[in-house]
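First the structure, in the form of structure tokens, and then the observations on it.
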Amino acid sequence: MLQSHTGIAQKSVMMWIDATANYERLSTKDSIKYYFKKCKEVGVTDVVIDVKPITGEVLYQSNIAPFLSEWKGFTRPANFDFLNTAIEEGHAIKIKVHASINVFSGGHSKFNRGIIYTTHPEWQSQNYVDTGIALISKIKTKLSGMLNPANPAVHAYELSVLAELIKKYPSLDGIMLDRVRYDGMEADFSPLSKKLFEKYIRKQVNNFPTDIFSYKK
């Protein structure tokens, strides 16, 4: 909610900008200025910039996460800071700018792209499906290659991504967290999750995973 000069609360009007769908469209300062102006004209008060899509790559230069350097053959100019430009153009016309990240997403199964296919396949979710326990990268009905939220290494990685984003862009008006969850009821059934679950309940699970979850298609 916004507070007007009269003291009456006013609703925020938000526009969410997808990272990959708008990758080529918003590749220059002029294009960002143009679309932000359009947002302002229709009453948008806040713009949410998707900077970490389901691929797990980020739209800014990072020392931690892989950089989304191109999408579908299109490459943005090397010296173009997309997020900083968006912040500057938004603030110039009194639009608040937030960054959105898909926290526990680590890959795009349609394109076999992301950290679960490259640097950290061991972090991916293991799902209990009709054929048994399977790596999420092998389940092609899944679009987002989710990570295992129970993995301490994943915790450390994602927190470091957040910390770097906040430090790198202190002028952000907020951060939106998406996919801060497991992939679903069928996740995660990795050996690590089994071990952590047994530690939590202080009991060994003899028939895993059927003692916890029975799959019925």
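The values are calculated or read from the model by the stated rules, or taken from the named source; none is laboratory data. In this text, all values refer to a predicted model and were calculated from it rather than measured experimentally. All Cβ positions, glycine included, derive from the backbone under ideal geometry; neighbour counts span all protein chains shown. Each accessible area value is taken on the protein alone, full model and side chains, heavy atoms only, with ligands, DNA and RNA left out. Shrake-Rupley method; radii C 1.70, N 1.55, O 1.52, S 1.80 Å.
Per Stokes-Einstein, at 4 °C and 1.567 mPa s, what whole-number D in µm² s⁻¹ belongs to segment 27-176, with the Kirkwood radius over Cα pairs as the hydrodynamic radius?
Once the numbers are plugged in, D ends up at 78 µm²/s.
Which value, in debye to the nearest 20, describes the size of the charge dipole of segment 97-191 about its Cα centre when Lys and Arg Cβ atoms bear +1, Asp and Glu Cβ atoms bear -1, and nothing else is charged?
300 debye
Convert each backbone phi in segment 64-71 into a coupling constant with the Karplus relation 6.51 cos²θ - 1.76 cosθ + 1.60 (shift: θ = phi - 60°), then list the ³J(HN,Hα) values in order as whole Hz, x for Gly and Pro.
10, 8, x, 8, 7, 6, 7, 9
Of P66, P191, I212, whose Cα points farthest to the positive end of the dipole of the chain (charges on the beta-carbon: +1 Lys, Arg; -1 Asp, Glu; origin at the Cα centre)?
Highest projection toward the positive end goes to I212.
Helix 191-201: angle to the longest alpha-carbon principal axis of the chain, degrees 0 to 90, nearest 10?
Helix 191-201 sits roughly 80 degrees off the main axis of the chain.
Cross-link candidates for K168: which aspartates and glutamates have Cα within less than 13 Å, leaving aside residues fewer than 8 places away along the same chain?
The qualifying aspartates and glutamates are D81.
What share of the DSSP beta bridges in the chain is antiparallel, in percent to the nearest 5?
45 percent
Over segment 58-117, give the accessible area per residue in Å² for a 1.4 Å probe, as an integer.
Accessible surface, normalised per residue, equals 44 Å².
With θ taken as phi - 60° and the coefficients 6.51, -1.76 and 1.60, list the Karplus ³J(HN,Hα) couplings across segment 126-140 in order, rounded to whole Hz; mark glycine and proline as x.
10, 9, 8, 10, 5, 9, x, 8, 9, 5, 5, 5, 9, 9, 6
From the protein chains alone at 1.4 Å, what is the descending order of accessible area for F104, F208, largest first?
F208, F104
Report, to the nearest 10°, how far helix 29-41 tilts away from the longest principal axis of the Cα atoms in the chain, using its own Cα long axis and a range of 0 to 90°.
With rounding to tens, the tilt is 80 degrees.
Please calculate the 1.4 Å probe accessible area of M14, with all protein chains present, and give it to the nearest 10 Å².
Answer for M14: close to 100 Å² accessible.
Given the whole protein assembly as supplied and a 1.4 Å probe, what does the accessible area of V48 come to in Å², nearest 10?
V48 has an accessible surface of roughly 10 Å² with all protein chains in place.
Which of the residue pairs K38/K167; K138/K195; K72/K195; K37/K167; K110/K216; K11/K33 have a Cα-Cα distance greater than 31 Å in the structure shown?
Over 31 Å apart, Cα to Cα: K72/K195.
Using the Karplus curve 6.51 cos²θ - 1.76 cosθ + 1.60 with θ = phi - 60°, work out ³J(HN,Hα) for each residue of segment 163-171 in order, rounded to whole Hz, and write x for Gly and Pro.
4, 5, 4, 5, 5, 6, 10, x, 7
With the full set of protein chains in place, find how many percent of the accessible area of the chain is carbon and sulfur; take the probe as 1.4 Å.
Answer for the chain is 55 percent, counting heavy atoms of protein chains only.
How much accessible surface does D130 have with a 1.4 Å probe, in Å² rounded to 10?
Rounded to the nearest 10, the figure is 90 Å².
Would you calculate, for the chain, the mean residue ellipticity at 222 nm contributed by helices, counting each DSSP H stretch of 4 or more residues as -39,500 (n - 2.57) and dividing by all residues, to the nearest 500?
My calculation for the chain gives -7500 deg cm²/dmol from helical runs alone.
Calculate, in nm to one decimal, what D173 and N207 gain on full extension: separation in residues at 0.36 nm each, minus their alpha carbon distance.
Residue separation times 0.36 nm, minus the Cα-Cα distance, leaves 7.4 nm.
Given charges of +1 on the Cβ of Lys and Arg and -1 on the Cβ of Asp and Glu, with all other atoms neutral, how large is the dipole of the chain about its Cα centre, in debye to the nearest 20?
Dipole of the chain, to the nearest 20 debye: 320 debye.
What angle do you read, to the nearest 10 degrees and between 0 and 90, between the alpha-carbon axis of helix 82-92 and the longest principal axis of the chain?
Value to nearest ten degrees: 40.
Under a crude label model (7 Å from the Cα following the beta-carbon direction), how far is M185 from E41 in nanometres?
About 4.8 nm separates the two model spin labels.
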